[in-house]
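Engineer: Would you mind keeping the following structure in view while I ask a few things?
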There are 2 protein chains.
Amino acid sequence: MEQQKKLEVLRHSAAHLLAHAVLELFPDTLLTIGPATEEGFFYDALLSRSLKEEDLPTIEKRMQELSLKNFPIEHRQISKQEAREIFKDNPFKLELIEGIPGETVGLSSQDGFRDLCRGGHEASTGDIKYFKLLGLSGSYWRANRENQPLQRIHGTAFFTSQDLVDFETRREEAQLYDHRRLGRQLEYFSFEEEAVGFPFFFPKGKAVLNVLVSYMRKLYAEYDYQEVETPMILSDELWKRSGHYAHYKDNMYFTTVDEQSYAIKPMNCPGSILIYKHRPRSYRELPLKLAEFGHVHRHELSGVLHGLLRVRAFTQDDAHIYCTVDQVEEEVRTILNIAFRMLHKCEFASVDLALATKPAKSMGSDELWDKATNSLKAVLEGYGKPYVLKEGEGAFYGPKIEIKIKDAMNREWQCGTVQIDFFQSDNFDLHYISTSGTRERPVIIHQALYGSLERFFAILLEHFKGNLPFWLAPVQIMVLTITDAQKQYAQEVYSALKKHGLRVNLDRSSDQISSKIKAAQLEKVPWMIVIGQKEVDAGTVSVRYADGKQMLGVALEKVLSMADELNR
Amino acid sequence: MEQQKKLEVLRHSAAHLLAHAVLELFPDTLLTIGPATEEGFFYDALLSRSLKEEDLPTIEKRMQELSLKNFPIEHRQISKQEAREIFKDNPFKLELIEGIPGETVGLSSQDGFRDLCRGGHEASTGDIKYFKLLGLSGSYWRANRENQPLQRIHGTAFFTSQDLVDFETRREEAQLYDHRRLGRQLEYFSFEEEAVGFPFFFPKGKAVLNVLVSYMRKLYAEYDYQEVETPMILSDELWKRSGHYAHYKDNMYFTTVDEQSYAIKPMNCPGSILIYKHRPRSYRELPLKLAEFGHVHRHELSGVLHGLLRVRAFTQDDAHIYCTVDQVEEEVRTILNIAFRMLHKCEFASVDLALATKPAKSMGSDELWDKATNSLKAVLEGYGKPYVLKEGEGAFYGPKIEIKIKDAMNREWQCGTVQIDFFQSDNFDLHYISTSGTRERPVIIHQALYGSLERFFAILLEHFKGNLPFWLAPVQIMVLTITDAQKQYAQEVYSALKKHGLRVNLDRSSDQISSKIKAAQLEKVPWMIVIGQKEVDAGTVSVRYADGKQMLGVALEKVLSMADELNR
């Protein structure tokens, strides 16, 4: 934390250095604001001519010169009147001055350069040594698209040269394995202008989604979840009752049916609840675990859309468990078991758990909260893993477990949640008939483990750097022949693999075997089955793995059983 | 055909008989229209008091009396002026008179009863012997809900008593096996007031849909179809280009995204086309067969909604085949092969084929039409089955094959279509690079075999009278014990069946075995596995089929292989 704070000071100083350099190079620039960010810093400015990527080295060079000159950085409070005088030609700064409470404002200065600033700087420009400009983007004054468009210059800074090199490596890797790039290159999905923010899945991308669904279905069957399907559009009345209309309306899409307003569902809960509510329920039916691969639509501003990581429509692996408060512990234990099996299968080694507890404002009795929270704690402690306790950070309607994963590039993602819900059961007047014949409220547990299938797919693609493992790969096996003489046999092998239910392709070209291997590698197919005359004569095949290792002269039966093992 | 025409005359006469009886019983009734229908006849009328079901026997009795009196039925042309005088107290008839072209109108009379009528009657009321009133429903004058609400009295009539008895039997059967009734009773699906016309699938209903999808996916894999997924909502621009906006707008739902109008897709074609169009295509890729289980929304008036047979949202097993005109024949042959395999699997023994050919107004060259139509003919003739030629009844954009099935109650359904499309390829400027390097237009074949999964499910439910076959049943096997002493063994059997991927339940109650069997029968489970002490001792199971037949002392391995055989 301390380190992060220090980095912020450094980066904020670097933003000033950037502004200083820009003003020297382009004196009529109007500066606006330049904060530190999690990854570095930026400065938004209005320039008399649009900057291009080619300008960045020049600016960076000037920053280095200013750093070498080692100007002291001074900071003092001045009167607003003085500030207005200094920034009289910059309407943005003047507007900022008016927005600052009190009678004085902070001013930072280095050499001739002066900027409005709350303070928190390095001692001199020479302290800012290891920095890099990262790129340009568009922005708007005060992030409002109706205001003046500005140019944003991005950069980062570190305390050591090694940190900067590491950052650059990670950044290059992230760019190289960016799921949008991989998705395009491997023809997994696309976005088209006719549907901004709504993905199109090509055959290979859809194959991966189908595998994720099948795998979760297998787990659902094993743990007695039952799948349902509820409508995509439901009357506004329902969303008013569920509270989404009041709190989530701006993210919802609406349509009209029979002159009534209906919403395209942003969540699956209300539909699931209507199924529960369809007829009286008995304690014998609990826990009732209703799962839905629910396709939901949620509006996002076009500026924040980001490949499959942030879309406007996605499929959730959503489940709602209706149970008694006494059943919460066992159900949550089951959910975490499913989550860990799935995350293990997806090769996420690092999983962090957190428990968010009762906030100041909440509903439901203390007894209910204590019981449910203790159940969650008991489950988490049963795992013998540390978990973070987020006191008071639960939703007003119940405590929650968050499941965070770290990918191969050490980035953290929150995908899974287990949310206890005391509210909707009350709100929709759900009940069950207890053993003693009384009407009781069930608790609802909201479960989502992939979270969004689309987002999880993106994370998997980046995590595996495009090399999806055998069970998940859209094409699991490519059958190749060394010469055309083996084509007949290759066709038989291909048919047998396909009939077995494997996702297999046959390279029917007459290219050199080296080109065929190259093509399969580019397609990131995990197994190649290479067939030469030796294999035809022996009635076997050779398997070449993506990493280049080979198994020669294997019986086809053996290949099938190896594949079944991985697909299990 | 001749018979149908005669029935129409009889039923039209019966409608007059009904009106005659109603007017005698309720003299201030205002009659409107009373046509023959495919199933019988109806009369719409405005009565001073609402009729109830209990009134129907009285009306029917009066009709019988009027029939026995054997009044001659006379028909003559009268001047409009005379007609206006006769019907001066009935504004509906007066409006009808004004709408009839020419100077005269037809008048039918029997005893004192007179009605407007184009003609075509029995000779006397005594000819109308075998009739029945079927029920009441609401309607509107001229079927416009902004007009006067009316009551509709439904009935039917036949020439022989046997025909009427057969009709009643079929009708009772149809009511007994009405999919809405079965769906409710078996908890397969429901409709809720929060989503009028949009079905909710309960676990067992969703299980059936999933089986239908998996089965079609297996066929797709075998025949090299590739599954894709396209967005649910797409910009109006796309629907304008596709022509849906101009021709189908009234059936579409719209929403707003980023201040632009988007439509909730009523069809999957435009999305599929965008995938084809995403990058240049080569002849090597053709035929490119893109399939999508596309969830579409189409507005229907609330009055015509009918369980799952007519809904406002449904999933199509849609496929689009992009190919050369020379490939049409083989592709259509493949489609029919898939269709026949599926229909055979679903036990539809009677399948009728029709070919609809070039209409007067059409697009595309004669050569293209001839080639495609001849391809379809060649495929149909290759089947050695008769097919109906519907000359000139094709769509303007291409010829079509219709696949009609008859269910167990002898009702005909059209589910499958194979539509050749020369239009969208042109419209969206699709092309592929031919062997000689030129840019050519692909032909699109639209394929849907279930049609709507929801509707097909309803048809299957009625076809099988609720007794879905083993491969399709939501619960395939129920495990039962004769006494509690076998529970441990039953649990093992249950786990083994479940692990094998079968849809199996275990009756954990301590009820009498006869009650357990009864419960499984009510649930329409195809196989029961009954376990008594004998089975425990021998390490076997007994299988009891839905029809009561049994196989005693079977090894579990044998059960699994029998099940695999049926699930194949």
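Engineer: Please give the Cα centre distance for region B:440-491 versus region B:111-186, rounded to the nearest Å.
Structural biologist: Taking the Cα centre of each part, region B:440-491 and region B:111-186 sit 34 Å apart.
Engineer: For region A:94-191, what is the Kirkwood hydrodynamic radius in Å, using each pair of distinct C-alpha atoms?
Structural biologist: 17.6
Engineer: Same structure, new question: Rounded, prolate or oblate, given the Cα gyration tensor of region A:477-567, with a/c below 1.5 counting as rounded? Display every interim value, and only then the final one.
Structural biologist: On the way: a/c = 1.42, a/b = 1.13, b/c = 1.26.
Here region A:477-567 falls in the rounded category.
Engineer: In addition: Excluding residues fewer than 8 places away in the same chain, name every one of the aspartates and glutamates whose C-alpha is closer than 15 Å to that of B:LYS385.
Structural biologist: Once the sequence-local aspartates and glutamates are set aside, what remains near B:LYS385 is B:ASP352, B:GLU402.
Engineer: Can you list the copy-to-copy distances for A:LEU94, using a point 7 angstrom from Cα toward Cβ, in nanometres, shortest first?
Structural biologist: For A:LEU94, the other copies' label points sit at 7.7 nm, shortest first.
Engineer: Please give the average number of partner chain Cβ atoms lying within 10 Å of the Cβ of each residue in B:201-208, rounded to a whole number.
Structural biologist: 5
Engineer: Compute the length gained on full extension between A:VAL388 and A:ASP258: take 0.36 nm times their separation in residues and subtract their Cα-Cα distance, giving the result in nm to one decimal.
Structural biologist: 41.8 nm is the gain from fully extending A:VAL388 to A:ASP258.
Engineer: Which is the longest part of chain A that has none of the GluC sites (Glu not before Pro) sitting in a DSSP loop with at most 12 other Cβ atoms within 10 Å?
Structural biologist: Answer - A:392-568.
Engineer: Moving to a separate point now. Tell me which lysines have Cα within less than 23 Å of B:LYS206's Cα, excluding those fewer than 8 residues away on the same chain?
Structural biologist: List returned: A:LYS206, A:LYS218, A:LYS265, A:LYS277, A:LYS289, B:LYS218, B:LYS265, B:LYS345, B:LYS465, B:LYS498, B:LYS499, B:LYS524.
Engineer: Please check which bits of region A:270-303 a label hung off A:ASP429 would reach, taking the label as a point 7 Å along Cα-to-C-beta and the cut-off as backbone N under 20 Å.
Structural biologist: Within reach of a label on A:ASP429, which here means backbone N under 20 Å from a point 7 Å along Cα→Cβ, region A:270-303 contributes A:270-283.
Engineer: Give me B:TYR248, B:TYR322 sorted ascending by neighbouring Cβ count inside 10 Å, so fewest comes first.
Structural biologist: With the fewest neighbours first, B:TYR248, B:TYR322 line up as B:TYR248, B:TYR322.
Engineer: Can you list the copy-to-copy distances for A:ALA349, using a point 7 angstrom from Cα toward Cβ, in nanometres, shortest first?
Structural biologist: Copy-to-copy label distances at A:ALA349, shortest first: 6.4 nm.
Engineer: A further question on this structure: Name the trypsin sites (Lys or Arg not before Pro) in region A:380-439 that are in a loop by DSSP and that have at most 13 other C-beta atoms within 10 Å, would you?
Structural biologist: A:ARG411
Engineer: If you don't mind, there's one more thing I want to ask. Within straight cross-link reach of A:LYS80, meaning Cα distance under 20 Å, which lysines are found once same-chain residues fewer than 8 apart are removed?
Structural biologist: Filter leaves A:LYS88, A:LYS93.
Engineer: Here is a further query. Which ordering of A:SER13, B:SER365 is given by a fewest-first count of other beta-carbon atoms within 10 Å?
Structural biologist: The order, fewest Cβ neighbours first, is B:SER365, A:SER13.
Engineer: So how far apart, in nm, are the two label points at B:THR169 and A:GLU492 if each is 7 Å from Cα heading toward Cβ?
Structural biologist: Those two pseudo-labels are separated by 5.7 nm.
Engineer: Can I ask one more? Any idea how far the Cα center of region B:497-568 sits from the one of region A:47-92, in Å?
Structural biologist: 81
Engineer: In addition: If I model a spin label at A:LYS499 and A:GLU237 as a point 7 Å from the Cα along the Cα→Cβ vector, what separation in nanometres do I get?
Structural biologist: Between A:LYS499 and A:GLU237, the label points sit 5.7 nm apart.
The numbers here are math on the coordinates, done by the rules we state, and not lab data. No experiment lies behind these values; they were computed from the predicted model shown. All Cβ positions, glycine included, derive from the backbone under ideal geometry; neighbour counts span all protein chains shown.
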